[in-house]
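The values are calculated or read from the model by the stated rules, or taken from the named source; none is laboratory data. This structure is a prediction, so every number in the text was calculated from the model and none was measured. When we count neighbours, we look across all protein chains shown, and the Cβ atoms used for this are built from the backbone with ideal geometry, even at glycine.
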Amino acid sequence: MLNAIAHRSMIVQNDVVIKLSPNQLTITNAGGFPIGVDKSNVLTVNSTPRSKRLAEVLQKTGLVEKSGQGVDKMYTNCIMEAKPLPDFSETDNYQVSLKLRTEIRDIPFLIYIRQEQAKRPQHHKLNVFQLIAIYNVCFDDGLDVPMATIDTLLSEGILQKSKSGKISMSKEYKKIASEIGVNRNNDDKVNDKVNDTYLIMKDNPGIQRKGISDFSSKSLSTIDRHLAILVKSGLVEHRGPDKTGGYYAK
């Protein structure tokens, strides 16, 4: 919200509008992108708040972080949670519209990217451009990724190249997908249903399997299969006694 205020046009007398639903957060801000900024370069151009003085006050009081980190952090967080990337598609000359969706696109990717980032030292974490490159290979979204970034990821074994030159995810990712029994290419419906179960637990910490079944209108046997996948993947855990304890999303 504060970031939106710092970047909004003070000439256009419209409110910052925030709409929240179970599946999506939408923020609409008065005034389009500043001159020189558009949907294709929002990650690479320098931050240009319309009210520099206001942005400095917000930063010095600790209410916002260092200028220029907001978009990077949005993309990074979306990728680290295997969610759709920030969507600016409805932005025009009069408003900036940002949509953040909640669904997890691929559970094996979520597990893999968290594990890969966690094992790296702080000075060698994957940056936002490397994360976008990996995400693009996994989901084939047609994003513009520099070949130099791909080459670095290939050299580190995070991506792999076939004899025909096709770039694909690493063996570690494919092993995770095989172990938990969810393959995005062949089991999209399974993936979506497991994701729904995960979101119920995330919104209702400590919920029991009967409660999940009631929320989702799915049978207990189906919920048990979803829980087995999620517990095995490390995304959820059960706390407390078997009869009175509940499930928590990590």
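When you go through Ser162, Ser89 one by one, which is the residue that is within 19 Å of the chain's Cα centre (by Cα), surrounded by fewer than 14 Cβ atoms within 10 Å (Cβ to Cβ) and of a type in the set (S, T, N, Q)? Before the answer, list the steps.
Numbers: Ser162 fails: within 19 Å of the chain's Cα centre (by Cα).
Answer to the check: Ser89.
Please give the number of the condition Asp72 fails out of (1) loosely packed, with under 13 Cβ neighbours inside 10 Å; (2) at pLDDT 85 or above; (3) within 18 Å of the chain's Cα centre (by Cα).
Of everything listed in (1) loosely packed, with under 13 Cβ neighbours inside 10 Å; (2) at pLDDT 85 or above; (3) within 18 Å of the chain's Cα centre (by Cα), Asp72 misses just condition (1).
For the range 179-194, which positions are touching a helix residue (DSSP H, G or I) at 6+ places or on another chain (Cβ under 9 Å), assigned to a helix (DSSP H, G or I) and at pLDDT below 80?
Those that are touching a helix residue (DSSP H, G or I) at 6+ places or on another chain (Cβ under 9 Å), assigned to a helix (DSSP H, G or I) and at pLDDT below 80: Glu179, Ile180, Val190, Asn191, Lys193.
Do we have any residue at all in the range 231-242 that's outside any strand (DSSP E or B) and closer than 14 Å to Asn195 by Cβ? Step through it out loud before you land on a result.
Initial filter on the range 231-242 (outside any strand (DSSP E or B)): 231-235, 240-242.
Those still in the list that are closer than 14 Å to Asn195 by Cβ too: 233, 235.
Scanning the range 231-242 turns up at least one residue that is outside any strand (DSSP E or B) and closer than 14 Å to Asn195 by Cβ.
List every residue pair whose Cβ atoms sit under 6 Å apart, with the two residues 6 or more apart in sequence or on different chains, where the first one lies in the range 22-51 and is within 24 Å of Glu103 (Cα to Cα) and at pLDDT 80 or above and the second, anywhere, is aromatic (Phe, Trp, Tyr) and assigned to a loop (DSSP other than H, G, I, E, B).
Filtered contacts from the range 22-51: Lys39/Phe88.
State which residue is farthest from the chain's Cα centre (by Cα) when the search covers only the range 223-250 and only residues that are closer than 21 Å to Ile176 by Cα and of a type in the set (Val, Ile, Thr).
Ile223
Are any residues in the range 86-134 of a type in the set (S, T, N, Q) and farther than 16 Å from Val71 by Cα, and if so, which ones? Write out each step before concluding.
Looking only at the range 86-134, we keep the residues that are of a type in the set (S, T, N, Q), and these are 89, 91, 93, 95, 97, 102, 115, 117, 122, 127, 130.
Passing the criteria: Asn93, Gln95, Thr102, Gln115, Gln117, Gln122.
Report every pair of residues separated by at least 6 positions or lying on different chains whose Cβ atoms are under 7 Å apart, first residue within the range 157-177 and assigned by TED's automatic domain parsing to the domain that holds Tyr135, second buried (at least 20 other Cβ atoms within 10 Å of the Cβ) and of a type in the set (Ser, Thr, Tyr).
Glu172/Tyr112; Tyr173/Tyr112; Ile176/Tyr112
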